1. At 4 °C and 1.567 mPa s, grab the translational diffusion coefficient of the range 18-170 from Stokes-Einstein with a Kirkwood Rh over Cα pairs, rounded to a whole number in µm² per second.
2. Which residues in the range 12-47 have a backbone N closer than 18 Å to a point placed 7 Å from the Cα of residue 97 along the Cα-to-Cβ line?
3. Please report 118, 18 as a ranked list, fewest other C-beta atoms within 10 angstrom at the top and most at the bottom.
4. Exposure proxy check: 77, 25, 3 ranked by fewest other beta carbons within 10 Å?
5. If we restrict to alpha carbons, what Rg and Dmax does the range 1-90 come to, in Å?
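Where a number appears in this text, it was derived from the coordinates with a stated rule and is not lab data. Since this is a predicted model, take the numbers as computed values, not measurements. Virtual Cβ from ideal backbone geometry, glycine too; neighbours counted across all protein chains shown.
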Amino acid sequence: MPTWNDSPPPTPSDFSYRLIRVPPTKLLHCVILCPKPTGTPTHFFKGHTMPCEGKECPACQEGLLWRWHAYLPCLCTPGHEKVILELTAQACDQLTAARNEYRTLRGLEILAERPSHRPNGRIRITVAPGLRPDALLPPCPDVPAIMLHIWGLDDTKLTSRPGKLGSNRITPAGQNGDDLIQNIGTMS
Ligand SMILES: [Zn+2]
């Protein structure tokens, strides 16, 4: 017999988020969905940004340095596209004052840009005053689960699956996606 429900079953993870970086030549306008940043040490390894895998990390074994990156789920305008915004530690620090003031980042409207217009130039964040009402925002997704999915990693054991790295792994480019990098492998 079928089981009938009055609403769709909850999904454990929403993977419809596209990974982006702050573009070099455009102002990015986002509303943050998470209460606080989720970050991890990463390596630029074999042409891609990948998480440090700890004890058995192949990049560490090759002596590569790591950099911490934060991954913030956001609604990006125009179009309210759901994205994961990759930020450097320095860029993330610029959100600290707002987080202290509002006790959360969720609902915060930000403008992000690279004033040097270089792809890896420093990121400047401008925070708009006030928070967007929580009820008008989609729920904060499971960021670690999405990032493991993007990186092609198993969520029980951080073991890379060869052949999945660096591909366009979530969604095709959105309407405004031309200058938003889907593949973060281009960073240094
Ligand atoms: Zn490592």
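1. Result for D is 80 µm²/s.
2. Within reach of a label on residue 97, which here means backbone N under 18 Å from a point 7 Å along Cα→Cβ, the range 12-47 contributes nothing.
3. 118, 18
4. 3, 25, 77
5. Calculated on Cα positions, Rg and Dmax stand at 17.6, 58 Å.
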